[in-house]
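Report on the structure given below.
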Amino acid sequence: DLFLFDPHVSIDASDDDLKSLADKVRKRGLVVGSVVAPVWPPTGGGSAMDEGEGRTNFLKQVEKGCRIAKTLREIGVRPYGVVRIDSASGPGDWAKDPAANQMRIAETFRMACDIAADHGEKLAAEGEICWGGMHSWKAMLELLEMVGRPETLGFQADMAHTLLYLMGYNAPDAGLLPQGFDFSDEAAFDAAYKKMTDALRPWTIDFHVAQNDATVFGSGSHDKTGRHCLPDDPNGKLDIVKRAGYWLRDENGQPMTRFQHICWDGCMFPNSVMQKQETWNKILGAMVAVRDAHGWS
């Protein structure tokens with residue numbers, strides 16, 4: 001999966017740049033999956049709640065992201081995947097006028113869907129507690145239903161971020177676990193996790209395997225959201241393979257077969273951690289275990 005912003009892959013990459021990237025990917029026996037459109041104000045985008053310049057800039061970045069995704073697909077190095085977006089708006093600003101702001105975000109997302117459809121792409125909104133209108137499982141579900149474009153817009157489920165949905169960070173009324181919850185209470189955790197995944201799984205078209213210790217983390221301009229931990233973190237609250245099954249299998253226990261790859265998001269780890277072979281042995285081990293337990297071909 002690719003982040004479309006310097007110094008990673010430039011959102012303004014030329015066709016020649018993308019051909020060069022494709023050659024590097026092929027030489028390593030890899031393919032490209034999902035791409036992240038840099039829709040936030042600091043990266044050239046804008047708030048999806050802003051009906052003026054913010055919306056214009058948001059949609060501009062979506063269009064650029066869809067162009068790159070389509071080009072890589074046509075080159076033959078990207079056989080699957082989505083274009084990842086969020087509302088690029090904070091929950092505090094959203095809460096100043098929830099109903100109106102949710103409608104504005106939905107309208108922006110519908111416009112983004114038109115752009116994606118023109119490029120033959122799908123969008124996935126990554127639910128996190130830091131994005132207004134997407135900051136709880138209830139708000140996320142409401143937004144997806146308001147947009148009403150399931151053929152073009154779906155949900156990107158990240159196991160670390162969605163754990164915080166259960167705990168009601170930034171949306172106490174939507175919390176499914178009480179404050180100070182004892183995670184050894186497996187039955188209560190099962191019930192809460194099932195309620196959330198039953199609601200969002202039908203919309204899920206992209207999936208991040210992850211671990212979380214039930215705390216939040218933020219850096220730079222990024223508001224606090226679910227902290228990513230390594231798979232074997234002693235404070236991790238998730239049985240990764242078990243909980244992944246709630247997302248990857250339907251209500252009858254059958255594999256969903258709705259997407260063709262899974263991802264591990266390493267955005268919260270320092271380079272010193274990501275450059276260790278041991279780190280990748282753990283991450284890939286967790287992902288292979290999820291694939292072996294719940295995968296399809």
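The values are calculated or read from the model by the stated rules, or taken from the named source; none is laboratory data. Everything numeric in this text was worked out from a predicted model, so none of it was measured. As a convention, Cβ positions derive from the backbone with ideal geometry for all residues, glycine included, and neighbour counts pool all protein chains shown.
Free of Cβ contacts under 8 Å to residues at least 40 places away in the same chain and over 11 Å from Trp247 (Cα atoms): is that true of Pro202 in this structure?
The answer is no for Pro202.
Every residue, every condition in (1) under 30 Å from Ser297 (Cβ atoms); (2) basic (Lys, Arg); (3) touching a residue at least 24 places away in the same chain (Cβ under 8 Å), yes or no:
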residue: Pro7; (1), (2), (3): no, no, no
residue: Ala13; (1), (2), (3): no, no, yes
residue: Val32; (1), (2), (3): yes, no, yes
residue: Thr71; (1), (2), (3): yes, no, yes
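Go through the stretch 60-69 residue by residue and tally those that are more than 14 Å from Gly33 (Cβ to Cβ) and in contact (Cβ under 8 Å) with a residue 24 or more places away in the chain.
Narrowing the stretch 60-69 to residues more than 14 Å from Gly33 (Cβ to Cβ): 60-64, 66-67.
If we keep only those that are in contact (Cβ under 8 Å) with a residue 24 or more places away in the chain as well, we get 61-64, 66-67.
Total meeting the criteria: 6.
For the stretch 198-212, the count of residues that are aromatic (Phe, Trp, Tyr) and closer than 27 Å to Tyr80 by Cα is nonzero. Within the option set Gly54, Gly33, Gly45, being touching a Ser or Thr at 6+ places or on another chain (Cβ under 7 Å), surrounded by 17 or more Cβ atoms within 10 Å (Cβ to Cβ) and at pLDDT 95 or above holds for one residue only, Gly54. Residues in the stretch 198-207 that are surrounded by 13 or more Cβ atoms within 10 Å (Cβ to Cβ) and out of contact with any Ser or Thr (no Cβ under 8 Å at 6 or more places or on another chain): Ala199, Arg201, Pro202, Trp203, Thr204, Ile205, Phe207. Condition check: part of a helix (DSSP H, G or I) and under 21 Å from Ala125 (Cβ atoms). Does Met196 satisfy that? Considered against the rule, which asks whether it is part of a helix (DSSP H, G or I) and under 21 Å from Ala125 (Cβ atoms), Met196 comes out as yes. Regarding Phe5, is this residue of a type in the set (Phe, Trp, Tyr) and under 22 Å from Ile105 (Cα atoms)? Taking the combined requirement at face value, the residue does not satisfy it.
Of all residues in the stretch 69-97, those satisfying the criterion of being over 16 Å from the mean Cα position of the chain (by Cα) and more than 23 Å from Met134 (Cβ to Cβ) are Lys70, Thr71, Leu72, Arg73, Glu74, Ile75, Gly76, Val77, Arg78, Pro79. Cβ-Cβ distances below 9 Å connect the following pairs, each with a first residue in the stretch 167-183 that is assigned to a helix (DSSP H, G or I), a second residue that is basic (Lys, Arg), and a separation of six or more residues or different chains: Asp173/Lys138; Ala174/Lys138.
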